[in-house]
Structures are given as C-alpha cells and as structure tokens.
Amino acid sequence: MPTPYILYSDGNGNIFEDTSLYAAGRAGWDAMPVPEEDWIILPEGGNLYELPGRRGIGIDVHTGEMRLCEKGWAVAAFIPPAHTGLFIAAYETLPDAPTLPLFCYTAVGWFNNQYYVPAVRIEKDIRQECAGYDDTKIEQGTKHLLQAYPGNRLVKHLMENCCMTYHCPAARNFALGRWECPIPSSPACNANCVGCISFQPEEESIVSTQDRLTFKPLPEEIVEFAVPHLMTAPYPIVSFGQGCEGEPLLMWETIREAIIEIRRHTDKGSININTNGSKPDAVRALCEAGLNSIRVSTNSARKRIYDPYYRPNNYRFEDIIDSLKVMRSFGGWTSINYFVFPGMTDSVEEYEALRQLIIDTDLCMIQWRNFNIDPDWYMGKIGAYETGDMLGMKQVMQLLREEFPNLKFGYFNPSMERMKGNYESDFAGSERY
Ligand code: SF4
C-alpha cells in the first residue's frame, strides 16, 4: 500500500488532497513517516475532522523532506470502535488555536479515491458497527421499553437521552434487545479526569460530550429491566459504569443489592462494571454479590502519568491495581480500558510498566481504546514534554502477545459465552469468521 497523500480543509468543511505531500503521522510530540503496511481503508462509521488553527505536516513527494501544508487547515480521522489508531494526525498548532473537542484525531490520507488511516482492527465483535443500527427498529424498541417500564427513571434516561439524543451505541443495542445493556447509576465521581466526557469545569473551553446522570437509581429500577435483558438478549451483558455518569463504585451498595436481586432471578449472562477502580473494598463486596467482570479505565500503567490526568480524590493509583487483583481472586474477568496515545502508550517506560501491571494483576484483557482528547492539550495538562524512546504501537502489541499468550486484546467487554467458552468464536458476528 503506497503512502497516501495529505488532506487539508478550506475551513468550510470541504476537504481536498495535496498531491505534493504524503501524509505523515505523529507520536508524542514528533511527526514521522507511517510504515506503508500500517495504512488501512478508513472503516465504515469513521469521520473526518478539520482542525482549525492547525497546519498539516507532510512529506514532500520529491525531496522526502517534512514540511507544512499551507493550503488549508489540517485534517484528522475519527476511527470507529473496534479499531485502534497507530498514529495521531501530524500538524503544527498556530497560536490562538482553539482546544479540540473530546474526539480521537488519527492520521489520515487519500489514495485511489479512498481515505486511509494507520490503524488495526483489534476487535472482531460487531456490537458497535454502524451498519448494524436500524433507526426505525431503534425507535420502535425505544417506544416499547418506555411503555413496558412506565415510571422507571433509568429506562427514561437511557431511551430519551442516551439512545435518542446522544445516540449511545450501548443504549441503542438495549433498545434493540441485544448484547451489552448500559446501567448508569452515579451522579458523582471521585476523580477529576482532564478529558472527562460527562463533566467539564466552567473554566475549560471544551464541553463534555454528554451530561451526567442527575439522580440515584433504586435497585428495583435497575433490576426491572436488567433481568429481562439478561434472559432474552443474545450474548447478554449488563454493564454498570457508563459515559453519562460519574463513578459507579460510589453507588456500590445500590449496585450490590441489584446484583443480588438479579442473580435471584437468573444466572444468565454477564454482570460487568466499568470503573476507575478506586475502591477495592467495594469491588470485593460486589464480587461476593455475583459481579462477573470488571473494566478499569486508565491512561497509563505509570502513577506519574495517571495522577495528573485522573487527579484522584481520596484514592491512589495503587487502589486501581488492587481492584483488579480482588476481581481475579474471585476468578472474575479483568480488563483495562487502556486509552491509547501513540508516543506515550508505546514508550519503553510505559511498556515496562504495563508488563508489570499484567504480571502483578494476572490481567485477562486489554481494551485498546482510542484516546478521545486534543493531543497538545492532553500532553500539556499532564506535563509530558519528554516521551522517551518509542517502540511503535504494533511492536508493543506484538511483544505482549508473545510474552502473554493468554492475554486477550479487544475493544469491548466480553460476554459470558466468550469468557467461559471459546473466546475466538463466541461473540456477536462470529458467524462472519
Ligand atoms: S472517572 Fe469517569 S466520570 Fe470520573 S472524572 Fe474520570 S471520566 Fe469523568
């Protein structure tokens, strides 16, 4: 696959290729060539963004020199779930450039009438493929659930806000009666993530992509729809901890009561929690109640990179490690929701720290998630002016595969069928493979 040409925008949403420059990538603070084999066609569901106040950096097709594309603003790609970006878009930020909103900005180029991105499909499960969403069926499902659960504030929130306003893929799957059903529960959080998607402080120029839940659901409100979903959906999962709330472990007593009641009615499916992992004792109580899997979010396996991003209240980085260990001690499944930032994630120091985390926690899975954040803003906020030597994202993945053959790579929480059955064949869309 030859290197594609750089793209630029005219600032009015029109995007053009510049055939005098090949597209480059970025890792950390550095622009660099992207290996030809890393480019794939932009998968369906991907989007393009023009980056105001930024000039793209490309490679001169004749001299091989790096230089700016002065024809317009830089362009980046938002790659769809199930794919992990290997390089960030390369650009130079001009003074007074606005902070970019909370999306991922992967490198992108143009060749043979196609957009190309440096990325890998890291997950076979099709649960968030845009081709699988039928708006008419979703509207019918929404109406049905609102009628089936009158007075249930959580169903009302999930259908009116998450499904019909935010177009949350998980809430849309709930409306379609399949796969992973979201259960937000906490209006508050004990962290202050720089790139929080449900709360951004007034003084920041960017906004959160969705509003935080404003009420504390009752266990009954959770159980009422969770049990039928687990009993009827294919590859059923119910997941506490969603993008439209704070930290679910702050609601552990409510969640524990709900899990106990759910398991009194059915042993089907998986009960999962997506969390910042801040309260290992609460995780222990939930494991005793019947929690099956946990996904702990982190931007790094290093405390010195974690702390300036999460800005934790009354918990420590070590607590998230303990939460993973507690879950494994009960034989449960553990994942990290690993925010991938090329140049940071594939630095030698990060790779060594990640290896140690995998060993110390007997980790089951890494969900290689694209980091939805303005790269310069993020690096500035955490004070990362030096990234150290880099290995390359693909190299890191390969080294980990070789050293930890049982460690799973993906993008989504696995179903019980996949955790207990054949991981390579028990998932939504497996009939394709
Ligand atoms: S842990 Fe989640 S809800 Fe809390 S600040 Fe971070 S992103 Fe926001």
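Before moving on, here are some points about what is shown:
- Flag for residue 334 being over 20 Å from residue 382 (Cα atoms) and either in a loop (DSSP other than H, G, I, E, B) or among the hydroxyl-bearing types (Ser, Thr, Tyr) (or both): yes
- Among (1) open to solvent by 20 Å² or more (accessible area, probe 1.4 Å); (2) more than 16 Å from the ligand (Cβ to nearest atom), the one test that residue 188 misses: (2)
- Looking across 285, 258, one residue alone is assigned to a helix (DSSP H, G or I), in contact (Cβ under 8 Å) with a residue 24 or more places away in the chain and in contact with a Lys or Arg (Cβ under 8 Å, 6 or more places away or on another chain). It is 285.
- Inter-residue pairs, beta-carbon under 7 Å, first away from the ligand (no atom under 16 Å from the Cβ) and in region 263-281, second polar (S, T, N, Q), 6+ apart: 270/292; 270/293; 270/415; 271/292
- Residues in region 201-215 that are under 30 Å from residue 145 (Cβ atoms) and within 15 Å of the ligand (Cβ to nearest atom): 207, 208, 209, 210, 211, 212, 213, 214.
- Selection within region 157-185: residues that are under 18 Å from the mean Cα position of the chain (by Cα) and open to solvent by 60 Å² or more (accessible area, probe 1.4 Å). The member of this set that is farthest from residue 382 (Cα to Cα) is 167.
- Any chance residue 45 is within 16 Å of residue 73 (Cβ to Cβ) and either outside any strand (DSSP E or B) or among the aromatic types (Phe, Trp, Tyr) (or both): no
- Selection of first residues in region 188-199 that are in contact (Cβ under 8 Å) with a residue 12 or more places away in the chain and closer than 11 Å to residue 313 by Cα and of second residues that are part of a loop (DSSP other than H, G, I, E, B) and within 6 Å of the ligand (Cβ to nearest atom), restricted to Cβ pairs under 6 Å at least 6 apart or on distinct chains, gives the following pairs, ordered by first then second residue: 189/246; 189/247; 190/247; 191/276.
- Summed over region 347-366, residues that are buried (at least 20 other Cβ atoms within 10 Å of the Cβ) and either under 17 Å from residue 394 (Cβ atoms) or touching a Cys at 6+ places or on another chain (Cβ under 8 Å) (or both) total 4.
- Flag if residue 271 is crowded, with 24+ Cβ neighbours inside 10 Å and part of a helix (DSSP H, G or I): no
- Apart from one condition, residue 232 fits all of (1) more than 9 Å from the ligand (Cβ to nearest atom); (2) closer than 30 Å to residue 374 by Cα; the exception is (2).
- Residue that is nearest to the ligand (Cβ to nearest atom) [pool: residues in region 216-229 that are among the hydrophobic types (A, V, I, L, M, F, W, C) and open to solvent by less than 50 Å² (accessible area, probe 1.4 Å)]: 222
- Listed by position, the strands (runs of 3 or more DSSP E) contained in region 52-113 that have at least 1 residues being open to solvent by less than 10 Å² (accessible area, probe 1.4 Å) and either acidic (Asp, Glu) or more than 20 Å from residue 12 (Cα to Cα) (or both) are 54-60, 83-85.
- Per-region count, region 1-49, residues of a type in the set (Val, Ile, Thr) and open to solvent by less than 40 Å² (accessible area, probe 1.4 Å): 3
- The set of residues in region 383-426 that are touching a helix residue (DSSP H, G or I) at 6+ places or on another chain (Cβ under 6 Å) and open to solvent by less than 20 Å² (accessible area, probe 1.4 Å) contains only 396.
- Restricting attention to region 299-317 and to residues that are open to solvent by less than 70 Å² (accessible area, probe 1.4 Å) and among the charged types (D, E, K, R), the residue that is farthest from the ligand (Cβ to nearest atom) turns out to be 302.
- Number of positions in region 186-205 that are more than 17 Å from residue 377 (Cβ to Cβ) and of a type outside the set (Gly, Ala, Ser): 3
- Helices (runs of 4 or more DSSP H) (entirely within region 343-407) containing at least 3 residues that are under 23 Å from residue 98 (Cα atoms) and touching a residue at least 24 places away in the same chain (Cβ under 8 Å): 375-381
The values are calculated or read from the model by the stated rules, or taken from the named source; none is laboratory data. In this text, all values refer to a predicted model and were calculated from it rather than measured experimentally. Don't worry about glycine lacking a Cβ; one is built from the backbone with ideal geometry, like all the others, and counts go over all protein chains shown. These accessible areas exclude ligands, DNA and RNA; they are computed on the full protein's heavy atoms, side chains included. Shrake-Rupley method; radii C 1.70, N 1.55, O 1.52, S 1.80 Å.
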